[in-house]
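I'd like to ask you about the structure that follows.
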Amino acid sequence: MTQQRRRISILETAINIGIGFGVSFLGNLIILPLYGMPFHVQSFFEIGVWFTALSVIRSYYVRRLFVYLHNKDILK
C-alpha cells in the first residue's frame with residue numbers, strides 16, 4: 001500500500017468535516033424541534049460547530065492511538 005499524499009489527506013479531512021457538519025446541521029434542524037427546542041437557525045449552526053469541533057478532536061486522538069498501536073506492533 002502506498003502512503004497518501006498530504007494534500008489528498010487534507011482534502012479528505014476537509015470533505016469529511018464538511019459532510020459531518022452538514023449532517024449535524026440538518027439533524028439539528030429536523031430533530032431538535034421534535035423535542036421542543038425552539039427553531040433558531042443560528043443556534044443550530046452554533047451547535048453544529050461545537051459538535052464538529054469535538055468530532056475533529058476525537059478523530060485526531062483515535063488516529064493517533066492507532067498510529068501508536070501500529071508502531072508498537074500491536075496491530076501488525
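FYI, it's all coordinate maths here, none of it is from the lab. Being a predicted model, the structure only gives us computed values, none of them experimental. For neighbour counting, all protein chains shown are included, and Cβ atoms are generated from backbone atoms with ideal geometry for every residue, glycine included.
Quick check, is ARG7 in a helix (DSSP H, G or I), over 14 Å from the mean Cα position of the chain (by Cα) and either surrounded by 10 or more Cβ atoms within 10 Å (Cβ to Cβ) or not basic (Lys, Arg) (or both)?
Spelling it out, it is not the case that ARG7 is in a helix (DSSP H, G or I), over 14 Å from the mean Cα position of the chain (by Cα) and either surrounded by 10 or more Cβ atoms within 10 Å (Cβ to Cβ) or not basic (Lys, Arg) (or both).
Something else: Take the residues in the stretch 34-61 that are part of a helix (DSSP H, G or I) and aromatic (Phe, Trp, Tyr); name whichever of them is surrounded by the most Cβ atoms within 10 Å (Cβ to Cβ).
PHE44
Could you please let me know if GLY48 is small (Gly, Ala, Ser), farther than 17 Å from ARG63 by Cα and without any contact (Cβ under 8 Å) to a residue 24 or more places away in the chain?
no
Still on this structure, I have one more. Check off (1) exposed (fewer than 11 other Cβ atoms within 10 Å of the Cβ); (2) part of a helix (DSSP H, G or I) for ILE74 and give me the number that stays unchecked.
If we test ILE74 against (1) exposed (fewer than 11 other Cβ atoms within 10 Å of the Cβ); (2) part of a helix (DSSP H, G or I), just (2) comes out false.
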